[in-house]
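What follows is one structure encoded as structure tokens, with my remarks underneath.
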Amino acid sequence: MTVTIIWLLGFAAILFFSLRGWEASLSPFLARVLPEALRSDSDDRWVWCPAVAVLGATFLVRPVDMLLTLLVIALVAWGAKRLLCWAMKKAKSH
């Protein structure tokens, strides 16, 4: 029960501050980081702010799990990149 209350409080606080600072910080950051295909002309604050709040609240409650998940995602992405580069070299040589 305590973990749930902490998660809900963290979610509410992060959502409030991310919605409040959307124009100043989050929107320019996402415009810089996201590829063109993921950007839209409409107001994405109601998609990105809850997503950031869920990730932030989960990181507050279960930081080790989140770090290990990020590590696994990074290793899979690195392995996929290496495999794709190897396959492209093989395709060019034949």
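The values are calculated or read from the model by the stated rules, or taken from the named source; none is laboratory data. Since the structure is predicted, the reported quantities are computational estimates derived from the model, not experimental observations. Neighbour counts are summed over all protein chains in view; Cβ atoms, including those assigned to glycine, are modelled from backbone coordinates with ideal geometry. These area figures cover heavy atoms from the full protein model, side chains too; ligands, DNA and RNA do not enter into them. Shrake-Rupley method; radii C 1.70, N 1.55, O 1.52, S 1.80 Å.
Which one is most open to solvent (accessible area, probe 1.4 Å) among residues in the range 52-80 that are of a type in the set (Gly, Ala, Ser) and within 16 Å of Ala13 (Cβ to Cβ)? In this case the residue turns out to be Gly56.
Counting the residues of the range 8-51 that are open to solvent by less than 90 Å² (accessible area, probe 1.4 Å) and outside any helix (DSSP H, G or I) gives 7. The residues listed here are Ala53, Ala31, Ala37; of these, the one that is of a type in the set (Gly, Ala, Ser), on the phi < 0 side of the Ramachandran plot and in contact with a Ser or Thr (Cβ under 9 Å, 6 or more places away or on another chain) is Ala53.
Between Leu60, Leu30, Leu8, Leu15, the distinction of being touching a Gly at 6+ places or on another chain (Cβ under 6 Å) and in contact (Cβ under 8 Å) with a residue 12 or more places away in the chain belongs to Leu60 only.
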